[in-house]
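Everything on this sheet refers to the single structure shown next.
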Amino acid sequence: MKSFKYIGSQAHNSTILVGDEGNKTTEDIRLAPGDTAILPEDHPVIQSLIAGGLLQEIKTTTTTTTSNKK
């Protein structure tokens, strides 16, 4: 799962199957221009939206903090 921003000019609606082979469920995806969502990047519908230039991955950075308690 990765974060994406939808940069299409028209709204997009899809219902996709997600999950393990024995435990698949449907998930509705509704995207409007400018929306951000966490999506399964290996799903064919998502790959098609990426290839068509409609989804742009949002790079996220994680910060690690440490404390110097003694």
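Per-structure values
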{"item": "When the convex hull of its Cα atoms is projected in every direction, mean area for the chain (nm²)", "result": "7.1"}
{"item": "Relative contact order, percent, the chain [alpha-carbon distance under 8 Å, six or more residues apart]", "result": "41"}
{"item": "Cβ-defined net charge surrounding Ile7, 13 Å radius [Lys, Arg +1; Asp, Glu -1]", "result": "-1"}
{"item": "222 nm mean residue ellipticity, helices alone, for the chain (DSSP H n ≥ 4; -39,500 (n - 2.57); rounded to 500)", "result": "-3000 deg cm²/dmol"}
{"item": "Solvent-accessible heavy-atom area per residue, rounded to whole Å², over the chain at 1.4 Å", "result": "78"}
{"item": "Radius 9 Å from Cβ of Leu17, net charge of other residues (Lys, Arg +1; Asp, Glu -1)", "result": "0"}
{"item": "Gained length - Thr61 relative to His43, 0.36 nm times residue gap less alpha-carbon distance", "result": "4.1 nm"}
{"item": "Carbon plus sulfur fraction of accessible area for the chain, probe 1.4 Å, in percent", "result": "47"}
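The values are calculated or read from the model by the stated rules, or taken from the named source; none is laboratory data. The model shown is predicted, which means the values in this text are computed figures rather than measured ones. Backbone-built Cβ (ideal geometry, glycine too); neighbour counts: all protein chains shown. Side chains are part of the model used for accessible areas, which takes the heavy atoms of the whole protein and leaves out ligands, DNA and RNA. Shrake-Rupley method; radii C 1.70, N 1.55, O 1.52, S 1.80 Å.
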